[in-house]
1. If we keep just the residues of the stretch 8-60 that are within 7 Å of the ligand (Cβ to nearest atom) and in contact with a Gly (Cβ under 7 Å, 6 or more places away or on another chain), which is nearest to residue 99 (Cα to Cα)?
2. On the basis of being free of Cβ contacts under 8 Å to residues at least 24 places away in the same chain and more than 14 Å from the ligand (Cβ to nearest atom), does residue 106 make the cut?
3. With the requirement that a residue be open to solvent by less than 20 Å² (accessible area, probe 1.4 Å) and farther than 12 Å from residue 79 by Cα, what does the stretch 162-186 give you?
4. Report yes if some residue within the stretch 58-79 is closer than 30 Å to residue 289 by Cβ and either among the polar types (S, T, N, Q) or not assigned by TED's automatic domain parsing to the domain that holds residue 168 (or both); otherwise report no.
5. Of 63, 12, which residue is buried (at least 16 other Cβ atoms within 10 Å of the Cβ), part of a helix (DSSP H, G or I) and out of contact with any Lys or Arg (no Cβ under 8 Å at 6 or more places or on another chain)?
6. What is the residue count in the stretch 123-139 for residues that are part of a helix (DSSP H, G or I) and open to solvent by 10 Å² or more (accessible area, probe 1.4 Å)?
7. Please state which one of 156, 204 is on the phi > 0 side of the Ramachandran plot and either surrounded by 13 or more Cβ atoms within 10 Å (Cβ to Cβ) or modelled with pLDDT of 85 or more (or both).
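The values are calculated or read from the model by the stated rules, or taken from the named source; none is laboratory data. Every value quoted in this text rests on a predicted model; they were computed, and no experiment measured them. Quick reminder, even Gly has a Cβ in these numbers, built from the backbone with ideal geometry, and neighbours come from all protein chains shown. Heads up: the accessible areas ignore ligands, DNA and RNA and are worked out on the full protein's heavy atoms, side chains in. Shrake-Rupley method; radii C 1.70, N 1.55, O 1.52, S 1.80 Å.
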Amino acid sequence: MSFSSLGLSESLVRGLAAQNYTLPTPIQTAAIPTILRGQDVWASAPTGSGKTAAFALPILQLLSTSTRPRGRFARALILVPTRELATQIGETISRANGHLPNSLKTMVLTGGVSINPQMMALGGGADIIIATPGRLLDLIAHNAVSLSTVSILVLDEADRLLEDGFSDELDKILALLPASRQSLLFSATFPPAVQSLATNLLRDPVRHNLDAPAASATEPDILQRVIEVDAPRRTQLLRHLIEENRWSGVLVFVATKYATEHVANKLRQAGLVATALHGELSQSARRQALADFKAGDVQVLLATDLAARGIDIVRLPVVVNYDLPRSPVDYTHRIGRTGRAGETGQAISFVSASTHAHFLLIEKRQNLDLRREQIPGFEPVDTDVPVQTTGGIKGKRKSKKDKLREATTRALRRL
Ligand code: AMP
C-alpha cells in the first residue's frame with residue numbers, strides 16, 4: 001500500500017517522500033481514504049501510530065481544492081488538550097503544507113502566550129486552526145475568529161480533552177460549529193465519557209480500531225521492564241542505569257513538580273545533563289526544555305504527566321516511571337512516548353514495597369504480567385512499608401481517590 005494509492009495528491013506524496021515517509025502506517029491506510037471521502041471517523045489510534053498525518057494530510061488535500069471565505073473565518077478546527085500537542089501538529093501540517101501548490105494558512109492558538117499577536121494574525125481568517133479550548137474561546141469572545149464556516153472538526157486525544165475538565169468548554173465550542181460538517185474523533189482509549197461524546201458528535205462514523213495488535217512494521221516495539229527498588233534509592237538507580245547503558249535520551253516521569261526539580265538537581269550534581277519539565281514553568285521555558293531534549297542537548301528530562309502529554313520525540317529510547325502513574329490509562333500514555341513509529345524502546349517502571357500493589361492493579365487492567373527484576377547493588381531491603389497514599393500530606397484528610405487506592409491495595413494483598 002502506497003500513499004498515492006490512498007488517494008493523496010502528487011504534491012503531498014512528494015512532500016512525504018522528502019520526509020522519508022515511504023509507507024503509510026495502519027491508521028493512515030485506514031483513515032486517509034475515509035476522510036477524503038468526506039465521512040466521519042471514530043478512531044482509537046494511540047500516540048505514535050502516525051495519527052497526526054492520518055488526519056492532517058487528507059484535511060490539507062480537501063481544503064486545497066477550494067478557497068476560504070473572506071472575513072475572520074476558519075475552515076478546519078483541530079482541538080487538542082495541550083499546548084505541546086498543538087505545536088507538534090502545527091509542525092507536521094507545516095511540513096506537508098509547504099509542498100502544496102498554494103499553501104494554506106495554518107495557525108496554532110494556545111494559551112501561555114499573549115493573545116494580541118494571535119488576534120492580529122487572525123485577520124483575514126485561517127484555513128486550519130489548531131487550538132486548545134480555553135484560548136480558542138477567548139479569541140471567539142474577542143470576535144477574533146468565527147467558527148461558523150468550519151467544515152472539518154478534529155478532536156485529538158479526546159480522552160485527554162475530557163479528562164482535563166475541558167468538557168464545558170468543548171460543549172461551548174461545539175455549539176458554535178455549523179451542523180453540516182465532517183467530524184473526526186481520535187482517542188487512545190474510549191471511556192464512557194468519550195463514547196457519549198462520539199455518539200453525539202459523529203454521524204455514521206467509520207470506526208477504525210487500531211488497538212488490536214497488528215503485525216506491522218510500524219507497530220511500536222516497547223520492551224516493558226519492572227525493577228524492584230527501595231523508594232529512597234531510585235535516584236541512585238536511575239543514575240546507575242543511565243550511566244551503565246549510556247542512554248542518550250531518557251524521559252523520566254515523576255509525580256510532582258517538586259520531584260522534577262529535586263531529581264533533576266541530584267542528577268546534575270552527579271554530572272548528568274538533566275532538566276525539569278512541569279506545568280508551572282513558563283511557556284517559553286517548557287518549549288526550551290523540550291527543544292533541548294529533542295536536540296540531544298539534555299540527556300534526562302524529568303517530567304510530570306501534565307507536561308509530558310502528547311510529546312513526540314522520535315528515537316526516544318527509554319521512558320522511566322520513577323513514580324508510577326495514577327491510572328492504567330496514564331501508564332499506556334507514558335510508555336507510548338517510546339517505541340514510536342517503528343522505533344524500539346524500553347519502558348521501565350520502578351516498583352517499591354509501597355507501590356507494588358498499585359502496579360499489580362495497572363498490570364491487571366492492561367492484561368500484563370511482567371517479570372520483576374532486581375539490579376545488583378540495588379536489591380530492595382524494605383519489604384513491609386505502610387500503604388502509600390499518593391499525593392497525601394501527613395495530617396491531611398485522605399481524598400476519596402486515596403481511600404479507594406488503599407482499599408484496592410488491601411484487596412489485592414489478599415489475592
Ligand atoms: P503521531 O502518532 O502522529 O504522533 O506520529 C508519531 C511519529 O511517527 C511522528 O514522529 C511522525 O513523524 C512519524 N510518522 C508518521 N507517519 C509516518 C510514516 N508513514 N512513516 C514514518 N514515520 C511516520
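1. So, considering only residues that are within 7 Å of the ligand (Cβ to nearest atom) and in contact with a Gly (Cβ under 7 Å, 6 or more places away or on another chain), the one nearest to residue 99 (Cα to Cα) is 28.
2. Numbers: free of Cβ contacts under 8 Å to residues at least 24 places away in the same chain: no; more than 14 Å from the ligand (Cβ to nearest atom): yes.
Spelling it out, it is not the case that residue 106 is free of Cβ contacts under 8 Å to residues at least 24 places away in the same chain and more than 14 Å from the ligand (Cβ to nearest atom).
3. 177, 182
4. So far as the stretch 58-79 goes, no, none of its residues is closer than 30 Å to residue 289 by Cβ and either among the polar types (S, T, N, Q) or not assigned by TED's automatic domain parsing to the domain that holds residue 168 (or both).
5. 12
6. Total satisfying the criteria: 4.
7. Of the residues listed, the single one that is on the phi > 0 side of the Ramachandran plot and either surrounded by 13 or more Cβ atoms within 10 Å (Cβ to Cβ) or modelled with pLDDT of 85 or more (or both) is 204.
This table checks each residue for (1) open to solvent by 40 Å² or more (accessible area, probe 1.4 Å); (2) under 25 Å from residue 42 (Cα atoms).
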residue	(1), (2)
69	yes, no
75	no, yes
81	no, yes
94	yes, yes
121	yes, no
160	no, yes
